[in-house]
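Down below is the structure, laid out as C-alpha cells.
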Amino acid sequence: MASGRMASPQSSSRQSSSLSSSPMSTRAQSLQVDSVQRWMEDLRHMTEVECMCVLQAKPIGVEEDSQQGELIVGSGVGAGDHVARNNLQTLLRRALVVSTELGKMFQRLEKGRWQRVHSTAVRANCHVRSLVHEYSAARNTPPEMQKYEKSLLEKCMELTNITERCLHTDDEFFLKSMREAIHEILTDVSDSFSNMIDMALANEIRVLIKQIESSDSLHTIGSAISNLLSLTQDGPQLCSIIAKEGAVVALFKICRQDRFRDLYAHALRTVASICCVEEGINQLEKVDGILCLADILTDDSSVEAARAEAAAVVAQITSPHHTSTQHLASFLESMHDIVTALIKLCETASCGEVFLLASAALANITFFDSMACEILLQLNAIHILLQACKDRQRVDTPYSKDQVVTILANLSVLEQCASEVLQEQGIERLLLLLGEKPSSSSPSEGAACERVQQKAAVTLARLSRDPDVAQTAIQLKAVPRLIELCRSPTERNNSDSVLVACLAALRRLAAGCPDSIEAADHQQLIKPRLVDSFLLCSNMEESFV
C-alpha cells in the first residue's frame, strides 16, 4: 500500500422517476433536472458583474442576524450544515472560481484576444473584491493577511485599467509591450491571491483546532475533526497547512484521553490523511505519536475501529513514497509491539477494510527492516496470512491480496520461510495468485492485479532456491502457468514487470529441474539472455500462443 487506504469509486443509488414511459424521455428529464440543479449550485458562488460594478463590490451576503464570526460568502447555506464546514468549503469554491478566471486570462492573453482579456479581468476583479470584503466583514482578519488583501485589490484594479487601455489601439508594438506588462501583473495577482487564500484557510483551520483543544463536548470536537478530515481530501497543499497549524498535535491530545475514546478512530483517520505530507509526519514525531499508536494497537480494550485507524496511520508513515525516514528511528523502538498487534489484527479482522489496513502497515514495515520479517515468522504470520486468503470476508479484493503477497515476498528472503510455506500449502496459493484477474475495468484494480501476479512470481522464484519448493511447484504445474504468462500478453495484462518476474521464476525452476521445460520453451525462454527472452515475449502477438 503506497499512501494509505484505497479509495473506492463512489456510486449513487438515487434513481429519478418519470411519468413518461419512454426511455429517451426519462433520460432527457433526468439530464434536465441534473443540469438545473448544477446551475443552481454554481449560481450561489457567482456574481453578476454589472451589478457588482455598480455596487463597487460591496458585500451583499452578510446577514444582520448572523452569528459573530460567521463567514457568509454567498447565499444558499443549508440549515443543517455546520457553519465552519460551510465557511471552508465556500471559501474553496470561490477561490476556484477566481483561479479559473485568472487561468482564462493567461490563455486569452497569449492569443491576443484583448476584448476577452479585459472582460475576464473585470470579472476576476469583482470576484476578488466580493470575496475580500465579505471575508473581512465576517472575520477579524489577521494583520499579515490584510497586507495581502490591500496589495491584491490594488493589483486587480491595475489589471482592469491596463487591459482596458489595450481595447483602444491597434498599435502592435504597444500591444506587445502591454502583453508583457499584463503577464507580469497577472502573475503577481495569482501569487498574491494564492497567499491570501492560504492565510484565510489557515485562519479557519485555527478556529477548528481551537474547538478541538478547548471544548469538552464530544459533538463539538467530533464536528471539528470531521471538518478537518473533509479538508484533507482537497490535496496535499491543504494537508500541509493543516499540519503546520498544529492539527496533528491537537488530535493526538484527544487520543491520549480516555474520556474521548469514542473519537479515537475519527481522530486517527484524520491523522492518517494529514500524514500524506512530510509536515504531518514531522508533527507526529514531535509529540511521540508512534508511542500513542502502539498503546492503542496493543490495548485489548480499544475497539477494532480505533486499532484499524491506528494501523492506517502506521501504513501511511511507513509508506515507501516518503523521502524522509528520520521518523522511523523512533518507530524501531516500538516495532515489536506494533508488528505483534498488527498480525493479531489481521487474524481477528471482522471485515476486508480492517484486514487491508493492518496488512498494508505490515507490508510497508517489512520493506525497511529485516527484523520485522523475523518477528513475523516467530508470530506464525505465514499461517495467519494464508488462512486469511481463504476467508473472503477478510481478503476480498486484489488490494488485500497485494498486501499479503508483498509480505510473503519479503519473508521469502529468509531461509526458514520455505518450509513454513510448504507446510501451509502456500505454493498452491501462489499459483492461484498468478491467475489473479480484475473483476472490472477499473485501472486501479487492474494495476493491483498486476502487482499481485508480479510479487507472486517473485516469491515463487525466491522460495524455489529450496529444492523441495521447486519440486512441489513443478508437480503443481507452475511451469505451464509461468510459460502462459510469458507468452500471452493478455494473461499478464500487457505488464512488463509481470513478464520479467515470470521469466526469472521460470529460469529458477529450470535450473533445478531442467527436464520440466520442453525444448522449444527452453530455446526461447531459458537459453537466451534474459533481456533477449524479454524482448521476444514482449513483442509476441496473441495469435502466436
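The values are calculated or read from the model by the stated rules, or taken from the named source; none is laboratory data. If you're wondering where the values come from, they're calculated on a predicted model, not measured in any experiment. Here the Cβ is made from the backbone with ideal geometry for all residues, glycine too, and neighbour counts use every protein chain on show. Just the protein is used for accessible areas: all its heavy atoms, side chains included, with ligands, DNA and RNA removed. Shrake-Rupley method; radii C 1.70, N 1.55, O 1.52, S 1.80 Å.
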Worksheet entry | Spatial separation of Cα centroids for the stretch 384-452 and the stretch 230-301, in angstrom | 30
Worksheet item: Running Debye on the stretch 464-545 with equal point scatterers at the Cα sites and no solvent, what base-10 log of I(q)/I(0) appears at q = 0.11, 0.13, 0.23 Å⁻¹?
Response: -0.26, -0.36, -1.09
Worksheet item: Where the convex hull is taken over the Cα atoms of the stretch 252-295, what is its projected area averaged over directions, in nm²?
Response: 2.8
Worksheet, complete the sentence: For the stretch 438-495, one quarter of the surface area of the C-alpha convex hull, expressed in nm², comes to 4.1
Fill in: Where N is the number of residues in the stretch 365-445, Cα Rg divided by 2.2 N^0.38 Å
1.13
Worksheet item: What order do you get for 490-497, 342-349, 106-113 when each peptide is scored by the mean count of other beta carbon atoms within 10 Å, highest first?
Response: 342-349, 490-497, 106-113
Practice prompt. Can you tell me the dipole magnitude for the stretch 401-440 around its Cα centre, using point charges on the Cβ only (Lys, Arg +1; Asp, Glu -1), in Debye to the nearest 20?
Written response: 180
Worksheet item: Using all Cα-Cα distances in the stretch 307-387, what percent lands in each 5 angstrom bin from 0 up to the longest?
Response: 3, 16, 30, 26, 17, 6, 2, 0
Discussion item. Compute, for the stretch 360-515, the length of the dipole vector about the Cα centre, with Cβ point charges of +1 (Lys, Arg) and -1 (Asp, Glu) only. Units Debye, rounded to 20.
Written reply: 320
Fill in: Selection from S190, L201, S217, by position along the positive dipole direction of the stretch 124-269 (Cβ)
S217
Response to the item:
Computed over the stretch 103-186, the relative contact order (Cα-Cα under 8 Å, seq sep at least six) in percent reads 38
Worksheet, complete the sentence: Given unit charges at Cβ for Lys, Arg (+) and Asp, Glu (-), the dipole magnitude of the stretch 437-545 about its Cα centre in debye, nearest 20, is 320
Worksheet entry | the stretch 274-319: radius of gyration and largest Cα-Cα distance (Dmax), Å | 10.7, 31
Practice prompt. Of the options I382, F368, T397, report the single residue whose Cα projects farthest towards the positive end of the charge dipole of the stretch 356-411 (beta-carbon charges: Lys, Arg +1; Asp, Glu -1).
Written response: T397
Worksheet, complete the sentence: The correct pair for the stretch 88-190, radius of gyration to one decimal and Dmax as a whole number, both in Å and from Cα atoms, is 14.6, 47
Item to complete: Just need the Rg to Rh number for the stretch 196-264, please, alpha carbons only, Kirkwood Rh.
Response: 0.97
Item to complete: May I have the extent of the alpha carbons of the stretch 237-344 along their three principal axes, as whole Å values ordered from largest to smallest?
Response: 36, 28, 18
Discussion item. Just to check I understand the Karplus step: with θ = phi - 60° and J = 6.51 cos²θ - 1.76 cosθ + 1.60, what whole-Hz values come out for the stretch 453-464, glycine and proline as x?
Written reply: 4, 4, 6, 5, 5, 4, 4, 4, 5, 5, 5, 6
Worksheet entry | By accessible area with a 1.4 Å probe, ligands and nucleic acids excluded, highest first: order of F173, F355 | F173, F355
Worksheet item: Roughly how many nanometres apart are two label points built 7 Å out from the Cα toward the Cβ at R261 and A519?
Response: 7.3
Worksheet item: Taking the alpha carbon gyration tensor of the stretch 112-244, what are the square roots of 5 times its eigenvalues, largest first, to the nearest whole Å?
Response: 40, 14, 12
Fill in: FRET E, pair Q233, L332, Förster distance 35 Å, beta-carbon r, rounded to 0.05
0.65
